Amino acid sequence: MRRFLALPLGGALLAISLAVPGIASAHEQRDVGPYHFAVGFLNEPSIVDQMNGIDLTVTTAADKKPVDGLDKTLKAEVIVGGNARSMPISLQARFGMPGKYAGYFIPTMAGSYIFHFSGTIDGQPIDQRFESGPGRFDDVQPLAPLQFPRKLDDPAAVQAQLADAQAAANQGRALGIAGVVVGLIGVAVGAAGFARRREGRAPTGTTSPSQA
């Protein structure tokens, strides 16, 4: 107990997470031939618009030895909405963590995500899909419910408001230009009418001294 209390805060939290299974990060565990995959998000819970990524650990299924070098032989892909939207992700070996790999990205939509791995391990073909959900790893959560004490505006709503404001400004500008044009036309018409009235007046003669 004294040893535990003497641990730094980070070490104590790590020890608690290892001692209590429910606190550990949620990852899907699966044997793929002679290999064992553990897949989930790097940061859990995963939140919309927050930096995150794929967390992949590969070991041998029999004796749990880490499998290195997969950043060169495996490809990763993140998929949202079935197969509607996908993006390739570059896997990187995590420094000082044998058998562990990360593929960084920022999830911008709440809901279910699929991580697809393809390629080879020691020449064996690999084609595996891991989908978030109950009993596997967490879906991406919306940001607003976690904001406190002030809720920030939804970026999508802000964009819509900016678009509406821009449309209103464009409409006002168009109406202003139309008003100026109408005003100029009115001035031109008035000037033309004034000129015609002057031309229609008879010239007035002058009286010479001999006629006086």
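Whenever a residue of the stretch 102-116 is closer than 11 Å to E131 by Cβ, its partners that are at pLDDT 95 or above and of a type in the set (S, T, Y), lying with C-beta atoms within less than 6 angstrom and at least six residues away or across chains, give the pairs S112/S132; Y113/S132.
The residue that is surrounded by the most Cβ atoms within 10 Å (Cβ to Cβ), counting only those in the stretch 72-97 that are under 25 Å from the mean Cα position of the chain (by Cα) and outside any strand (DSSP E or B), is L91.
Condition check: without any contact (Cβ under 8 Å) to a residue 40 or more places away in the chain and exposed (fewer than 10 other Cβ atoms within 10 Å of the Cβ). Does G186 satisfy that?
Values: without any contact (Cβ under 8 Å) to a residue 40 or more places away in the chain: yes; exposed (fewer than 10 other Cβ atoms within 10 Å of the Cβ): no.
Spelling it out, it is not the case that G186 is without any contact (Cβ under 8 Å) to a residue 40 or more places away in the chain and exposed (fewer than 10 other Cβ atoms within 10 Å of the Cβ).
Limited to the stretch 46-71, what total is found for residues that are surrounded by fewer than 16 Cβ atoms within 10 Å (Cβ to Cβ), more than 19 Å from the chain's Cα centre (by Cα) and part of a loop (DSSP other than H, G, I, E, B)? Of the residues in the stretch 46-71, 7 are surrounded by fewer than 16 Cβ atoms within 10 Å (Cβ to Cβ), more than 19 Å from the chain's Cα centre (by Cα) and part of a loop (DSSP other than H, G, I, E, B).
Considering the stretch 98-134, the residues that are polar (S, T, N, Q) and not in a strand (DSSP E or B) include one that is nearest to T60 (Cα to Cα), namely S132. Residues in the stretch 117-137 that are more than 16 Å from F37 (Cα to Cα) and without any contact (Cβ under 8 Å) to a residue 12 or more places away in the chain: G123, P134.
The values are calculated or read from the model by the stated rules, or taken from the named source; none is laboratory data. Quick caveat, the model's predicted, so the values are computed rather than measured. When we count neighbours, we look across all protein chains shown, and the Cβ atoms used for this are built from the backbone with ideal geometry, even at glycine.
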